[in-house]
Amino acid sequence: MTGNYNAYEVKEVNADKSIKYLFFSRGDSDIFKAVAFDYIQDFKGYPLFNLGFGDYILETEEIDDSVNSNNGDMHTVFYTVLSTVPKFFVVHPNALMVVEGSDHTHDFWDKCKKDCKKNCTDTCKNLNRRIKTYRYFVNKNYATLIKDYSFFGGTREMGTVIIHDDYEIGREYDLVFCKRNISLPYEN
């Protein structure tokens, strides 16, 4: 899913109903990171997994998705996260994956206000920034991505997730769903 972009090497760790991909962000400092695909529930005949990402806390084996490391290697880290998607679908070829930024809640906004460096007043400029990044990537690479994947957009309305049929380029979604269409070339 990343094409010819630079990505860090990852180590796969399988658990009961989840997969983690661990790696080091090697920017200004070394930061242990993790991408997790956690099983949520079955949904319309598909096992539904959430893609989560953040700093990996080795002592607790938890992911802190609220941090913004600013480690000078943002693009490499982003492409590393994306590089785990095909690996995930090799393990769970019939799964449905969902991405939703951890920066979409009022709790995030309240926390961001305390340390805001952008002098936001009425609206937090960091709110929904993560899902916008994923949407931007899908929008920009849609013609290539749909050869191997199907995408669906979702919105949150009064706390309920509504999934729209097909992903529409340029439409704002709160969540992006993805499933694999076909066998990937490196599986043969």
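Can you spot a residue in region 128-143 that is surrounded by 13 or more Cβ atoms within 10 Å (Cβ to Cβ), small (G, A, S) and either at pLDDT 85 or above or touching a Gly at 6+ places or on another chain (Cβ under 8 Å) (or both)?
Among the residues of region 128-143, not one is surrounded by 13 or more Cβ atoms within 10 Å (Cβ to Cβ), small (G, A, S) and either at pLDDT 85 or above or touching a Gly at 6+ places or on another chain (Cβ under 8 Å) (or both), which makes the answer no.
Of all residues in region 1-58, which are acidic (D, E) and surrounded by fewer than 16 Cβ atoms within 10 Å (Cβ to Cβ)?
E9, E12, D16, D28, D30, D38, D42
Looking at region 59-83, which of its residues are of a type in the set (D, E, K, R), in a strand (DSSP E or B) and within 14 Å of the chain's Cα centre (by Cα)?
Answer for region 59-83, where residues must be of a type in the set (D, E, K, R), in a strand (DSSP E or B) and within 14 Å of the chain's Cα centre (by Cα): just D64.
Say we look at region 149-178 and pick out the residues that are over 22 Å from G52 (Cβ atoms) and out of contact with any Phe, Trp or Tyr (no Cβ under 8 Å at 6 or more places or on another chain); which of these is surrounded by the fewest Cβ atoms within 10 Å (Cβ to Cβ)?
M158
Cβ contacts < 8 Å: first residue aliphatic (A, V, I, L, M), restricted to region 17-36; second residue assigned to a loop (DSSP other than H, G, I, E, B), any location; separation 6+ or different chain. Result?
I19/H92; L22/V10; I31/S69; I31/N71; V35/V10
If we keep just the residues of region 59-86 that are aliphatic (A, V, I, L, M) and at pLDDT 90 or above, which is surrounded by the most Cβ atoms within 10 Å (Cβ to Cβ)?
Among those that are aliphatic (A, V, I, L, M) and at pLDDT 90 or above, it is V81.
Got a sec? Which of F37, F108, F24, F89 is more than 29 Å from A143 (Cα to Cα) and modelled with pLDDT of 85 or more?
F24
Here are some residues: Y56, Y5. Which one is assigned to a loop (DSSP other than H, G, I, E, B) and touching a residue at least 24 places away in the same chain (Cβ under 8 Å)?
Being assigned to a loop (DSSP other than H, G, I, E, B) and touching a residue at least 24 places away in the same chain (Cβ under 8 Å) holds for just one of Y56, Y5, which is Y5.
Among (1) in a loop (DSSP other than H, G, I, E, B); (2) modelled with pLDDT of 90 or more; (3) under 22 Å from P93 (Cβ atoms), which single condition is I19 missing?
It is condition (1) that I19 fails.
The values are calculated or read from the model by the stated rules, or taken from the named source; none is laboratory data. Model, not experiment: these values are computed from the prediction. Cβ sites come from the backbone with ideal geometry, for glycine too, and all protein chains shown count toward neighbours.
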